[in-house]
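The values are calculated or read from the model by the stated rules, or taken from the named source; none is laboratory data. On a predicted model such as this, the values are computed, not experimentally measured, just so you know. All Cβ positions, glycine included, derive from the backbone under ideal geometry; neighbour counts span all protein chains shown.
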Amino acid sequence: MRIAIASDHAAFALKAELAAALVEWGHDVTDLGPFSDARVDYPDFGYKLADAVASGAAERGVALCGSGIGISIAVNRHPACRAALVSDPYSATLAREHNDANVIAMGARLIGIDQAKACLEAFLAGTFAGGRHEGRVAKLSHPTF
């Protein structure tokens, strides 16, 4: 699978570890930065990730920042992206099954590497259930308010 990964400075180390795991698992990984732990603004990298997923350059995305909150908000500004902030494998599975999430978001200050890898594995293994969820997911990209 083609996977893009991006973070801010707070999640730089976690990004490196997850990118290495993804390559080890056989995925084609595009690291969108940053490339050091120098301070950066998470929206810049969230927008890069959103563009990669929305354009089809990546099938899935991994968004990381200190809490996972800010970068997930940035990614979700793009109507083609559905970023789910997760902290356990079950929520990662449900994000795929019920919400057809195409981006997983995690907080480096809140999750350890083993838990992050477990979440990522569950997310990548999950499939969208469709059915009763299809109409709801469609509304995420086309709000009616």
Could you please give the count of residues in segment 98-133 that are within 14 Å of the chain's Cα centre (by Cα), of a type in the set (S, T, N, Q) and outside any helix (DSSP H, G or I)? 1
What residue, of Arg96, Arg39, is closer than 23 Å to Glu134 by Cα, of a type in the set (Lys, Arg) and touching a residue at least 24 places away in the same chain (Cβ under 8 Å)? Arg96
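Here is a list: Ala63, Ala4, Ala95, Ala80. Which entry is assigned to a helix (DSSP H, G or I) and of a type in the set (A, V, I, L, M, F, W, C)? Quick ask: steps written out before the conclusion?
Numbers: Ala63 fails: assigned to a helix (DSSP H, G or I); Ala4 fails: assigned to a helix (DSSP H, G or I); Ala80 fails: assigned to a helix (DSSP H, G or I).
Selected residue: Ala95, the only one of Ala63, Ala4, Ala95, Ala80 that is assigned to a helix (DSSP H, G or I) and of a type in the set (A, V, I, L, M, F, W, C).
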Under 6 Å by Cβ, and 6 or more places apart or on different chains, what pairs join a residue from segment 23-34 that is under 12 Å from Arg60 (Cβ atoms) with one that is of a type in the set (Gly, Ala, Ser) and at pLDDT 95 or above? Val29/Ala19; Thr30/Ala4
Quick check on my filter: what residues within segment 46-62 are touching a residue at least 12 places away in the same chain (Cβ under 8 Å) and either at positive phi or touching a Phe, Trp or Tyr at 6+ places or on another chain (Cβ under 8 Å) (or both)? Arg60
On the basis of being buried (at least 18 other Cβ atoms within 10 Å of the Cβ) and either under 13 Å from the mean Cα position of the chain (by Cα) or at pLDDT 95 or above (or both), does Ala80 make the cut? no
